[in-house]
Structures are given as structure tokens and as C-alpha cells.
1. Are there any pairs with C-beta distances below 6 angstrom linking a residue in the range 49-67 that is more than 13 Å from Arg28 (Cα to Cα) to a residue that is modelled with pLDDT of 95 or more and surrounded by fewer than 16 Cβ atoms within 10 Å (Cβ to Cβ), with the two at least 6 apart or on different chains, and if so which?
2. Restricted to the range 42-54, and to residues that are surrounded by fewer than 22 Cβ atoms within 10 Å (Cβ to Cβ) and part of a loop (DSSP other than H, G, I, E, B), which residue is nearest to the chain's Cα centre (by Cα)?
3. Out of Asn205, Asn134, which single residue is buried (at least 21 other Cβ atoms within 10 Å of the Cβ), without any contact (Cβ under 8 Å) to a residue 60 or more places away in the chain and assigned to a helix (DSSP H, G or I)?
4. Looking at Met115, Met111 in this structure, which one is in a helix (DSSP H, G or I), over 17 Å from the mean Cα position of the chain (by Cα) and modelled with pLDDT of 95 or more?
5. I'd like the full set of residues that are surrounded by fewer than 17 Cβ atoms within 10 Å (Cβ to Cβ), out of contact with any strand residue (DSSP E or B) (no Cβ under 7 Å at 6 or more places or on another chain) and closer than 24 Å to Val153 by Cα, limited to the range 208-223.
6. Considering only the range 183-213, state which residues are of a type in the set (Ser, Thr, Tyr) and either within 21 Å of Thr261 (Cβ to Cβ) or modelled with pLDDT under 95 (or both).
7. Looking only at the range 236-259, which residues are assigned to a loop (DSSP other than H, G, I, E, B) and either aliphatic (A, V, I, L, M) or surrounded by fewer than 14 Cβ atoms within 10 Å (Cβ to Cβ) (or both)?
8. Which residues, taken from the range 223-244, are in contact with a Ser or Thr (Cβ under 8 Å, 6 or more places away or on another chain) and in contact (Cβ under 8 Å) with a residue 24 or more places away in the chain?
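The values are calculated or read from the model by the stated rules, or taken from the named source; none is laboratory data. Not measured: the values here are computed from a predicted model. All Cβ positions, glycine included, derive from the backbone under ideal geometry; neighbour counts span all protein chains shown.
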Amino acid sequence: MKSLIFAPTIIFSLLLSPAFAGNENNYRYLALGDSVAFGYDPTVTTPTPTAFTGYPEVVADVLQMAKSKKETNAACPGQSSTSFLYGGADIGCEPFKAAVGLHTDYTGTQMNFAMTQLQSNKHIDLVTLSIGGNDLSLLQAQCQTSSSFAVCVQQGLPGVLATYGQNLAQILGGIRANYSGTLVLLKYYPVSTDPLFQLAIQMLNQTMADVGSNFNVKFADGFMAFQLASATSGGDPCAANLLVRIGPSTCDIHPSLAGQTVLAAAVLVAINGN
């Protein structure tokens, strides 16, 4: 991973890879997920879909898909693993879709859109998915009013992860029933150096790995990528400018363009690696 992040010659070699030969009339890369894949940035003053750039757009650019419009990004900010499947409780996917719009217009759930696309477009040869972070965000919101935030999170986390694992298995099962090509799951990155937050994210990533291993997926290690990229900043992703800055010393939890580029590098390593 480190070699891809810091070696342009390796990225250039990926541009020459024949693995993504497709049809001119059909897109080849389907990106699925939440605000990370969408590229959400709370500092954007005039929010329109084109104002946001997620790691899928960076990946598509490297793989020379962007200009030919061979990438479709269906990600929705606020999407949880449950709302991905059924709609309902999340961190505001549907309101954002109604007010701002997504990179790709569709009605219904993201799962239904993905299934329709995978059934009808057999030229798709890359699918990426980042989902689950908002499952943790929902737990965080529930615990904000608890007398002990840490205890609340620790008690609620096993149930959240169990539901996430079930949802992820259903999502991956549906994808694999209609698609046998490259499928990359992006592991979540550390949003701070706080041990509780890091533990929760690592446990989410482990659940992702346990479930994903049953569906022939490749894993993009966003957690390790952020650690490497922030090593000279004491492991702090905010200090390393990998997160959207909202103050002189404070950051939002969403990746900056630099952070999105690091995540894209992790995806590219996964595509051509394990």
C-alpha cells in the first residue's frame, strides 16, 4: 500500500492494465456506499453533486474511466447498512438526496439500484463498497445522552456489529448472485486518535473482513492507509490533513481530498493485489 501512495510510477502502470476493458456504451465501475464514497464535505458552501469528490472519482480518473463516463457513483451520504437494504433509519440519506441530489439519480434503495444495474449491465467489471460507518454513528448518537458514553458504546457495540454483519452478508450475497467480477470492500479509516473510536472502527472492520471473506471480495485497507499517511503527524489524521478541516486544529470526520486520494490508493492496491 505504501508503495502505491508514494510511487507515481506504480499508479501509471495501473493505467495500462487491461483488466478494465469495457464497452463504450456501458459504464464499467459501480461505486456503492455512504458519505465517504460520495465525497461529502461539510464545508462546501453551495452543495451540488458535482461539488463533491469521493475516492471512486479518484479511482476512475486513475483508471481512465472519468472522462469517458465509465463510472457510476450511487453512494448516499448518511446511508447505514440497514437503510442501504430497506430504507429507514440512518443519518439522513433521503433528506440529502431530496435537497442536494446524488452523483447518480435513482429512486428506491441503493440495494435495489445496484441489483438492477448488475442484472442489466454485464460490462460492469469493478464494484466498490463502503458501508457501516453510519451504523456506528447511530450508536454514537444514541449514547450522547448516556451518563457514561464509553459504557454505552461498549454495551451497544456487539448488537450493532451483529446487525451490520447480517446486513453486509445480505448485501454481498445479492451482489454476488448477479456479479462475479472484482468486488472491493473499503475498510474504514481512523477519524481520531481516541482509543474508543479506534477500537469501534477496528471491530467494524473485523466484522467486514469476517463476512466479506465468504464472498470472494478484495479488501482495501483504509485504516492502514491512513496510519501510514499520518505517521509523521503522530498518527493524527487531522494533523496530517487527511480529514476536512473545520478549524485551525479541528477536523470533521470526512476525508479531505488528500484523504480521499489515500483511500483511492488503497482501493487500487486491492484491485491489483490480494
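1. Pro49/Gly101; Ala51/Val44
2. Start the filter on the range 42-54 by keeping residues that are surrounded by fewer than 22 Cβ atoms within 10 Å (Cβ to Cβ), which leaves 42-51, 53.
Narrowing further to those that are part of a loop (DSSP other than H, G, I, E, B): 42-48, 53.
Working: Pro42: 17, Thr43: 19, Val44: 19, Thr45: 23, Thr46: 23, Pro47: 20, Thr48: 19, Thr53: 12 Å.
So, considering only residues that are surrounded by fewer than 22 Cβ atoms within 10 Å (Cβ to Cβ) and part of a loop (DSSP other than H, G, I, E, B), the one nearest to the chain's Cα centre (by Cα) is Thr53.
3. Working: Asn134 fails: without any contact (Cβ under 8 Å) to a residue 60 or more places away in the chain.
Within the list Asn205, Asn134, the selection yields Asn205.
4. Values: Met111 fails: over 17 Å from the mean Cα position of the chain (by Cα).
That would be Met115, the only listed residue that is in a helix (DSSP H, G or I), over 17 Å from the mean Cα position of the chain (by Cα) and modelled with pLDDT of 95 or more.
5. Selection gives Asp210 alone.
6. Step one: list which residues in the range 183-213 are of a type in the set (Ser, Thr, Tyr), which gives 188-189, 192-193, 207, 213.
Scanning the range 183-213 gives Tyr188, Tyr189, Ser192, Thr193.
7. Once the filter is applied, which keeps residues that are assigned to a loop (DSSP other than H, G, I, E, B) and either aliphatic (A, V, I, L, M) or surrounded by fewer than 14 Cβ atoms within 10 Å (Cβ to Cβ) (or both), the range 236-259 yields Ala239, Ala240, Leu242, Ile246, Gly247, Pro248, Ser249, Thr250.
8. Of the range 223-244, the ones in contact with a Ser or Thr (Cβ under 8 Å, 6 or more places away or on another chain) are 234-244.
Matches in the range 223-244: Gly234, Gly235, Asp236, Pro237, Cys238, Leu242, Leu243, Val244.
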